Each structure stands twice: as structure tokens, then as C-alpha cells.
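Data first, discussion second: the structure below is written as C-alpha cells.
The numbers here are math on the coordinates, done by the rules we state, and not lab data. Because the structure is predicted, anything quoted here is derived from the model rather than measured. Cβ placement follows ideal geometry from the backbone for every residue including glycine, while neighbour counts extend to all protein chains displayed.
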Amino acid sequence: MRMSDFWRLMDDEFGAGYSRTLASTLVLSAVGGVSADEALAKGVPPRDVWLALCAIQDVPPERHFGKDVPLKER
């Protein structure tokens, strides 16, 4: 997962404003007891951070990969 994908998922799930607050303040024990921002800065893979956020925030498994986007008709 790229960082851009991480932030897209965060914004889609939590909203653009709240996602930044959540990333900087919520302590994630699954990635070393630090915030998402700190974990990412330490080199923890964005996917691991995202899944830790999903677990602690009770994001349903069907939304772990983001919103379903309908296919465009050709």
C-alpha cells in the first residue's frame, strides 16, 4: 500500500479533517504504542498502520479495502 492509498482510505472512512486528528492522536498498540503518524515516520508499512486503525476503530472488514466504486460501462 502506498502512502497516498493510506490517506485516501483514511479520508474515505473518517473524513478529511478527522482522519488527520486521528492519525496524530490515537495510540495504536499494534504498531508499537505510537500514533499512526509516528508509526509511519518510523517506517511501519502503511498497510499495517491502516489495519491497526481499522481494528481499534471497529471498521467493518468489508470496508478495509475502501469504498466500492462501480465500474464504468464501456
For helix 3-14, what angle does its Cα long axis make with the longest principal axis of the chain, in degrees from 0 to 90 and rounded to 10?
80 degrees
Based on the alpha-carbon gyration tensor of segment 1-62 and its eigenvalue square roots a ≥ b ≥ c, which shape applies: rounded if a/c is under 1.5, prolate if not and a/b is larger than b/c, or oblate?
rounded
Roughly what angle does helix 46-56 make with the longest principal axis of the chain, taking Cα atoms, 0 to 90 degrees, to the nearest 10?
80 degrees
Can you find, among PRO45, PHE14, PRO61, the residue farthest towards the positive end of the dipole of the chain? Put +1 on the C-beta of Lys and Arg, -1 on that of Asp and Glu.
PRO45
Cα long-axis angle, helix 16-25 against the chain (0 to 90 degrees, to the nearest 10)
20 degrees
